[in-house]
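Chemist: My questions all concern the structure below.
The values are calculated or read from the model by the stated rules, or taken from the named source; none is laboratory data. Since we're looking at a predicted model, the values are computed, not measured. Every residue, glycine as well, gets a Cβ built from its backbone with ideal geometry; the counts of neighbours run over all protein chains shown.
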Amino acid sequence: MDTHDGVITLVQEHRFHLTGEDGSHRLFILAHNAPLEWRDLESFERSGSHVRVRYDAAPGMIARTAHDVVEIEQLHQGNPA
């Protein structure tokens, strides 16, 4: 699985857009078995939190499947959500 860090800039139900720290733009769909819900994504968006997305790369697909999204601040504190 791959990871990408950035800020969530748009949430629509289980879909979200991440602007990466490197300036990239990526579209994700939250996996049905992810440990969070779309409301959590909205919270990250509203707060402007820097997050790390763990996802499956999908060559040829518009959106990637996100399996987990955690605040980077939590990772630095040793609390991986």
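Condition check ((1) part of a helix (DSSP H, G or I); (2) surrounded by 15 or more Cβ atoms within 10 Å (Cβ to Cβ)) across all residues:
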{"site": "D22", "(1), (2)": "no, no"}
{"site": "L27", "(1), (2)": "no, no"}
{"site": "H32", "(1), (2)": "no, no"}
{"site": "P35", "(1), (2)": "no, no"}
{"site": "D40", "(1), (2)": "yes, yes"}
{"site": "E45", "(1), (2)": "yes, yes"}
{"site": "Y55", "(1), (2)": "no, yes"}
{"site": "A58", "(1), (2)": "no, no"}
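Chemist: Filter region 22-68 down to residues that are of a type in the set (A, V, I, L, M, F, W, C) and within 13 Å of T3 (Cβ to Cβ) and give me whichever is modelled with the lowest pLDDT.
Modeler: Kept after step one, since they are of a type in the set (A, V, I, L, M, F, W, C), are these residues of region 22-68: 27-31, 34, 36, 38, 41, 44, 51, 53, 57-58, 61-63, 66.
From what is left, the residues that are within 13 Å of T3 (Cβ to Cβ) are 28, 51, 53, 57, 66.
Details: F28: 97, V51: 98, V53: 98, A57: 82, A66: 98.
The residue in question is A57.
Chemist: Still on this structure, please answer the following. Please work out which residue is farthest from I8 (Cα to Cα), limiting yourself to region 60-73 and to residues that are β-branched (V, I, T) and either in contact with a Lys or Arg (Cβ under 7 Å, 6 or more places away or on another chain) or surrounded by fewer than 16 Cβ atoms within 10 Å (Cβ to Cβ) (or both).
Modeler: Here is the first cut: in region 60-73, the residues β-branched (V, I, T) are 62, 65, 69-70, 72.
Now drop any that are not either in contact with a Lys or Arg (Cβ under 7 Å, 6 or more places away or on another chain) or surrounded by fewer than 16 Cβ atoms within 10 Å (Cβ to Cβ) (or both), which leaves 62, 70, 72.
Numbers: I62: 17, V70: 11, I72: 12 Å.
Ranking the qualifying residues of region 60-73, first place goes to I62.
Chemist: Looking at region 5-20, can you tell me whether even one residue there is under 14 Å from I72 (Cα atoms), surrounded by fewer than 15 Cβ atoms within 10 Å (Cβ to Cβ), within 9 Å of the chain's Cα centre (by Cα) and in contact (Cβ under 8 Å) with a residue 12 or more places away in the chain?
Modeler: yes
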